[in-house]
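Input: one structure, supplied below.
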């Protein structure tokens with residue numbers, strides 16, 4: 001029949017199997033901690049926290065003369081051309097949720113866009129999402145009377161250049177404080 005050594009081998013094998021099962025279960029269950037400190041949530045890597053823009057959307061709402069340039073030497077001349085466009089102004093509207101209503105590149109219908117700040121200190125105008133996204137435009141400069149933007153998408157930036165918006169109406173009443 002069974003020898004004592006054979007029975008002992010089966011018993012050892014059974015014990016080893018039970019220990020392996022218990023150790024395997026330890027990896028999939030969490031044991032209580034008796035520490036008084038609460039665990040802290042780790043920030044999601046790669047997601048930049050929202051940074052307030054230094055320009056408010058209300059500052060951009062209004063009528064603007066619009067022109068563009070590629071060569072920085074043409075900026076002054078282009079500002080004059082943009083001011084001359086006030087006969088047929090580009091209107092930046094107020095959005096229903098605090099943004100501004102403008103066109104995206106190559107879009108016929110304007111939509112509400114956000115003014116977004118970034119950790120680098122730059123401001124952007126674009127749809128919801130991180131600053132500097134594919135559909136955003138960077139605000140190159142803004143003094144209350146002249147707004148200059150450039151699309152972040154290289155293709156759109158090449159086609160549209162630096163967009164110069166000159167506020168239509170008296171210059172003394174709209175200057176940025």
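What FRET efficiency would be calculated for the residue pair residue 50, residue 106, taking the C-beta separation as r and a Förster radius of 30 Å, to the nearest 0.05? If you can, show how the numbers build up before the last one.
Details: r = 27 Å, r/R0 = 0.91.
Once the sixth-power term is evaluated, E becomes 0.65.
So for each of 144-154, 109-119, 83-93 I average, over its residues, the number of other beta carbons within 10 Å; can you give me the resulting order with the highest mean first? Write down the numbers at each step before the final one.
On the way: 144-154: 18.6, 109-119: 17.0, 83-93: 15.2.
Answer by packing, highest mean first, reads 144-154, 109-119, 83-93.
Average the reciprocal distances over every distinct pair of alpha-carbons in the range 57-167, invert the result, and give the Kirkwood radius in Å.
On the way: mean 1/r = 0.0713 Å⁻¹.
For the range 57-167, the Kirkwood estimate is 14.0 Å.
Students often get this wrong: which residues of the range 78-98 have the backbone nitrogen under 19 Å from the point 7 angstrom along Cα-to-C-beta of residue 58?
Of the residues in the range 78-98, 92-98 have backbone N under 19 Å from the label point off residue 58.
Another one. Pop a pseudo-label 7 angstrom from the Cα along the beta-carbon direction at both residue 84 and residue 128 and give the gap in nm to one decimal.
Here the answer is 4.2 nm between the modelled labels.
Here, each number is a calculation from the coordinates, and none is a lab measurement. These numbers were taken from a predicted model, which means no experiment stands behind them. In this analysis, Cβ positions are derived from the backbone assuming ideal geometry, glycine residues included, and neighbour counts consider all displayed protein chains.
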